[in-house]
Amino acid sequence: MTRLKIVAGNWKMHKTLEESQSLITEIRGIVRDEIRSNTKVIVCPPYIALAAATRLLEGTGIGLGAQNCHFEEQGAFTGEISAGMIKSTGAEYVIIGHSERRQYFGETNETTALKSKTAIRHGLHVIFCVGETLSQREDKSYFRVVEAQLQEGLFHLDRKEFSHIVIAYEPVWAIGTGLTASPEQAQEMHAYIRKVVGMHYTDEIANNTSILYGGSVKPDNAQTLFSQGDIDGGLIGGAALKARDFVDIVKGMH
Ligand code: PEP
């Protein structure tokens, strides 16, 4: 099994340019010994900080990602940013399909499919988010919802393209709420996602795909979550904004 363990920080709409530079400098200073050959640490600051972050992260082994991109190459899309623009900053990753984009900005399985294809064409790795809402958890449709997000948003990719995908399972009811899926609930869904990926591609591809958990991960619950067999790290929101908390979560991978 060669899949990477990954902890990625999604800073959302937080931090000015200066604040972003300070936080990256702080993280860079304390995370160094925690980066091992089979682990990856990624930060996803706002777009305005990407180019400066590339310079600050040079030689550190820390990856850099954006939080969204448009699916078109270019054009009259005021306020949007293309995959090529992200790539030109030096970033290597992009988050696609985050539940906040789905909830507030009309992201659909169809647009996530288009975005994934475009991002990969530009040489970016995609952190592709899936997850059910509270009502979908309660009415027990959550496996079906997540499977549809994968089928419609990702499975148009061929095997080579899919090797650029990291999946993040983020139950919407656990994001920013302080509620965390139990390790058993998360493991159950991660194993299901791996099975669905295996059925569509191959078991080998499924076993090589990193599947991250996101939803109120904190230093005190990270290790238990990450020790589950199919949980390969985390996508971290709130706790990624404090260097010490973020690095303590990174330590949970070992
Ligand atoms: C996220 O935004 O991807 C997330 C998981 O947020 P939080 O850790 O704050 O729940």
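The values are calculated or read from the model by the stated rules, or taken from the named source; none is laboratory data. These figures come from a predicted structure and were not determined experimentally. So basically every Cβ, Gly included, is an ideal-geometry build from the backbone, and we count neighbours across all protein chains shown.
Of note:
- Of all positions in segment 176-183, none carries a residue that is closer than 20 Å to Phe128 by Cα and more than 13 Å from the ligand (Cβ to nearest atom).
- Within segment 175-191, the residues that satisfy the criterion of being modelled with pLDDT of 95 or more and more than 30 Å from His122 (Cβ to Cβ) are Ser182, Pro183, Glu184, Gln185, Ala186, Gln187, Glu188, Ala191.
- Every pair of residues 6+ apart whose Cβ atoms lie under 7 Å, when the first sits in segment 100-111 and is within 12 Å of the ligand (Cβ to nearest atom) while the second is not basic (Lys, Arg): Arg101/Asn68; Arg101/Glu107
- Being farther than 20 Å from Gly176 by Cα and either assigned to a helix (DSSP H, G or I) or within 16 Å of the ligand (Cβ to nearest atom) (or both) holds for only one residue in Gly84, Gly75, Gly123, and it is Gly84.
- Segment 156-180 - residue that is part of a strand (DSSP E or B) and among the aliphatic types (A, V, I, L, M) and, of those, farthest from the chain's Cα centre (by Cα): Ile165
- Cβ-Cβ under 6 Å pairs, at least 6 apart or on other chains, segment 206-227 side surrounded by fewer than 17 Cβ atoms within 10 Å (Cβ to Cβ), far side charged (D, E, K, R) and assigned to a loop (DSSP other than H, G, I, E, B): Asn208/Arg3
- Segment 50-69 residues that are hydroxyl-bearing (Ser, Thr, Tyr), paired with ones that are part of a strand (DSSP E or B) (beta carbon under 7 Å, 6 or more apart): Thr54/Leu64
- The residues of segment 191-200 that are out of contact with any Leu (no Cβ under 9 Å at 6 or more places or on another chain) and crowded, with 19+ Cβ neighbours inside 10 Å amount to a single one, Arg194.
- Residue check, Phe71 surrounded by 14 or more Cβ atoms within 10 Å (Cβ to Cβ) and farther than 18 Å from Ile175 by Cα: yes
- One residue stands out in segment 11-46 among those that are assigned to a loop (DSSP other than H, G, I, E, B) and more than 16 Å from the ligand (Cβ to nearest atom): the one that is surrounded by the fewest Cβ atoms within 10 Å (Cβ to Cβ), namely Ser37.
- You will find that of Lys140, Lys115, the residue that is under 18 Å from Pro171 (Cα atoms) and either more than 16 Å from the ligand (Cβ to nearest atom) or at pLDDT below 95 (or both) is Lys140 and no other.
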